[in-house]
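The structure under discussion appears below in the form of structure tokens.
The values are calculated or read from the model by the stated rules, or taken from the named source; none is laboratory data. Computed from a predicted model, the values in this text were never measured in an experiment. Cβ placement follows ideal geometry from the backbone for every residue including glycine, while neighbour counts extend to all protein chains displayed.
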Amino acid sequence: MKIHVIGSGGREHAIGWAFWGKNHEVYYYPGNAGTKKHGRNLPYEGLKTIKKICSEDSIIIPGSEIYIVEGISNICDRSLAPTKEAARLESSKVFAKLFMKKYGIRTPRFEIVENPEQLDNTLRKFSPPYVLKIDGLAGGKGVILVDNFQEALKKGKLLMRGEFIKGVKGMLVVDEYMDGYELTAIALVNNRRFTILPFVRDYKKIGDNDTGPNTGGMGAWGPVKVSDTLRNRIEELFDKTLYGLEKEGLDYRGFLYLGLMIVDEEPYILEYNVRLGDPEGEVIISMNPENFVSLVLSTFKGRMEEFKPLHYVVDVVLASEGYPKKPRTGQRIIIPEESNSKESILFYGAVKEINGELIVTGGRVLHCIGIGKALESARKNAYELAKKVEFDGKYFRKDIALQ
């Protein structure tokens, strides 16, 4: 089987690595300096490339939501992704919230703000801390959480006008703040049928103890054990979501991600993603890569298998100083020769090879994966690898997987 992985981050590297390990032909579009070790890197020319590689003996797996929203699945039914219409669950926070309200899916109380002049009155319906979310895609950085009313008003208006995040503007969703703990639930979906993958906890804030601005993700660990009661309630959220999609006439085959807040054993959906998370994907795949591959292949044969984790896995992301606002780039990276073993794996992110040297090209540079029979040993292995990698301006959180 030919496996075409669309994207260039650590998640895409992990996906291709798993299939490469089972002797499939793996191609990355465009890939990075690490992916070429586990397949072949090729240029990506948008939907033109998708049309070219679409065939019955291939599977196309897009990493980022950007490719899914382009409509990859609309033009190739060998894609592991929903249609661009169903992808509005992620590409529009307003659509997602109204969808959840329509189908009785638990989510925090919310209001939609259509223009900046409405924001003052809307914020007064909520108590601090204030949670503001931009409607469209913002690379994981479109959420503002502040305690001060005037600061929320100022930043919210800037966000709506496109002055807070370059190229991002539009309507806002104001959510009621909920005090609980976050949990990631991801399922592989084939319309109404689904298999829930191991639960994972990720770390979105740049700083230790969840301080500073949001990022694309600074680390993750799993599997997170939950009670049978909570698991059943999470399954109900998936089932209601897929029921709603069916009623709306929206086809869905691919990964469905629920960003959850757990309050008194009750899960509330904070957000939908329509793809495998990053860094959650690296963690899940590393728990049992062979099982991951067979699960994906079975989905295209009309079957849904179970996923059984074999290990605990911890992902510590190495970022470049200045991330997430303006990461430093151009530094030389030195990686230990024995970076991959039974206890650790290194997945590449923003890394390019220039004249035989590895160079930093963006914010999230490398994913240091630690594997162990216990969480403590997996964490130890991840941090040992993180300390061995060298580049100027290297930054990573010190509290990943500390419970």
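Could you pull out the residue among 353, 384 that is part of a helix (DSSP H, G or I) and surrounded by fewer than 17 Cβ atoms within 10 Å (Cβ to Cβ)? Step through it out loud before you land on a result.
On the way: 353 fails: part of a helix (DSSP H, G or I).
Step by step, each of 353, 384 is checked, and only 384 is part of a helix (DSSP H, G or I) and surrounded by fewer than 17 Cβ atoms within 10 Å (Cβ to Cβ).
With respect to residue 36, is the statement that it is surrounded by fewer than 18 Cβ atoms within 10 Å (Cβ to Cβ) and either farther than 15 Å from residue 241 by Cβ or not assigned by TED's automatic domain parsing to the domain that holds residue 255 (or both) true?
Values: surrounded by fewer than 18 Cβ atoms within 10 Å (Cβ to Cβ): yes; either farther than 15 Å from residue 241 by Cβ or not assigned by TED's automatic domain parsing to the domain that holds residue 255 (or both): yes.
The answer is yes for residue 36.
Taking every residue in segment 127-153 that is of a type in the set (Ser, Thr, Tyr) and pairing it with any residue that is assigned to a strand (DSSP E or B) and surrounded by fewer than 19 Cβ atoms within 10 Å (Cβ to Cβ), at least 6 positions away or on another chain, the pairs with Cβ-Cβ distances below 6 Å are 130/146. For segment 335-365, filtering for residues that are more than 17 Å from residue 35 (Cα to Cα) and in contact with an Asp or Glu (Cβ under 8 Å, 6 or more places away or on another chain) leaves 0. The condition (being more than 20 Å from residue 312 (Cα to Cα) and either surrounded by 14 or more Cβ atoms within 10 Å (Cβ to Cβ) or of a type in the set (Val, Ile, Thr) (or both)) is satisfied by just one residue among 217, 244: 244. Among the conditions (1) more than 25 Å from residue 66 (Cα to Cα); (2) part of a loop (DSSP other than H, G, I, E, B); (3) among the aliphatic types (A, V, I, L, M), the only one that residue 153 does not satisfy is (2).
Scan 167, 207, 249, 162 and give me the residue that is surrounded by fewer than 17 Cβ atoms within 10 Å (Cβ to Cβ), at pLDDT 95 or above, at positive phi and not basic (Lys, Arg).
On the way: 167 fails: at pLDDT 95 or above; 207 fails: at positive phi; 162 fails: at pLDDT 95 or above.
The conditions single out 249.
The set of residues in segment 356-381 being touching a residue at least 24 places away in the same chain (Cβ under 8 Å) and surrounded by fewer than 17 Cβ atoms within 10 Å (Cβ to Cβ) consists of 357, 373, 374, 377.
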